[in-house]
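No value in this document is a laboratory result; all are computed from the given coordinates. This is a predicted model, so every value here is computed, not measured. Cβ coordinates were reconstructed from backbone atoms using ideal geometry, including for glycine residues, and neighbour counts include every protein chain displayed.
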Amino acid sequence: MVDKSDTQMSIRKQCDMLQLHRSGVYYTPNLPSNADDEIMKQIDCFHLMDPTLGTRRMKAMLVRMGYNIGRKHVRTLMNTMRIHAVYCKPRTTIADPAKYKYPYLLKELKITKPNQVWGIDITYIPMRRGFMYMVAIIDHYSRFIVGWSLSNSMSAPWVVETVREAIRKHGKPEIINSDQGSQFTSDDYVNFIKSCEGTKISMDGKGRYLDNIYIERFWRSIKHDKIYLMMPQNGTELFSVCEEFVEYYNKTRPHENLGYISPSELFKIAA
């Protein structure tokens, strides 16, 4: 859809009109080996099935499937994918608070309207060759995806721009909840959210993916119901596949917990 040879309209303008992140156009993948590519896809499937799998058990699962791989290699791939095991640790030491570490504000909070709480997260997205990252923002009340974007790197400015665009389209949330990833504890992100008057920052407890459960369920849905079935060839195809699924998820797909209506219907009715 983007014509790089067009002399009348810049690539930036074309991307703005198509609501396409420019990194997807300029992206030249540093492709992993064929073996690593397949292993990463399998790791992603195992993690969605059981997020408590650490490097030891993940290695055992892969070896059982016939992969010749060591624990260090598994750890390297999991770090590349931003995947970490979820488990409780004994609270024997209380660490000093980080510069930008914020409390979890959703415990026992009654969510009664749209834009009261947004959840934001980043995940690994596989392609036929290589991978990209996706950031998405979900409204906890309606499960409506208020914003999303793709990139070949997990930069804080990319996350900030996605949040900025979501706010421009749908207004400011009262609370935005994330994990403690470096993008969400960065100066760029924290300063931007602080500049949004009336919006509070909330962060999950370390290793507690269930604190942001709605976005985790969305990751499972988009991967199992669309991406794993289609397996896009490149960034352009991946954008189209994600755009199609988000449109379906927001406007058509009925949710049992919403009384079998779509997130878009509830978001608009209650707004």
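Below are the figures for this structure:
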item: Theoretical gain in end-to-end length, Arg82 to Ile261 [0.36 nm per residue, Cα-Cα removed]; result: 61.2 nm
item: Residues with amide H under 5 Å from that of Asp121, placed H, sequence gap 5 or more; result: Ala136
item: Extension gain, Leu105 back to Arg220 (0.36 nm per residue minus Cα-Cα distance, nm); result: 39.0 nm
item: Inter-label distance for Tyr67 and Gln8, nm, one decimal - labels placed 7 Å from Cα along Cα-to-Cβ; result: 4.9 nm
item: Footprinting exposure proxy for Thr199, Thr80, Thr112, Thr123 (fewest neighbouring C-beta atoms within 10 Å first); result: Thr112, Thr80, Thr199, Thr123
item: Residues whose placed amide H lies under 5 Å from that of Asp204, excluding near-sequence neighbours; result: Ser178, Asp179, Gln180
item: Kirkwood Rh and Cα Rg combined as Rg/Rh, region 117-270; result: 0.95
item: Inter-label distance, nm, simple model (7 Å from Cα along the C-beta direction), Ser155/Leu48; result: 2.8 nm
item: Arg164 versus Ser195: modelled label distance in nm, points set 7 Å from Cα along the beta carbon direction; result: 0.7 nm
item: Under Karplus coefficients 6.51, -1.76 and 1.60, residue-wise ³J(HN,Hα) of region 216-227 in Hz, glycine/proline x; result: 5, 5, 5, 4, 4, 5, 5, 6, 6, 8, 9, 5
item: Estimated FRET transfer efficiency (Glu174, Leu18; beta-carbon r; R0 35 Å; 0.05); result: 0.65
item: Relative exposure of Ser142, Ser262, judged by other C-beta atoms within 10 Å (fewest first); result: Ser262, Ser142
item: Estimated dipole of region 30-87 in Debye, rounded to 20 [Cβ of Lys and Arg +1, of Asp and Glu -1, Cα centre]; result: 320 debye
item: Interchain or long-range residues, amide H under 5 Å from Leu53's placed H; result: Val86
item: Footprinting exposure proxy for Val163, Val117 (fewest neighbouring C-beta atoms within 10 Å first); result: Val117, Val163
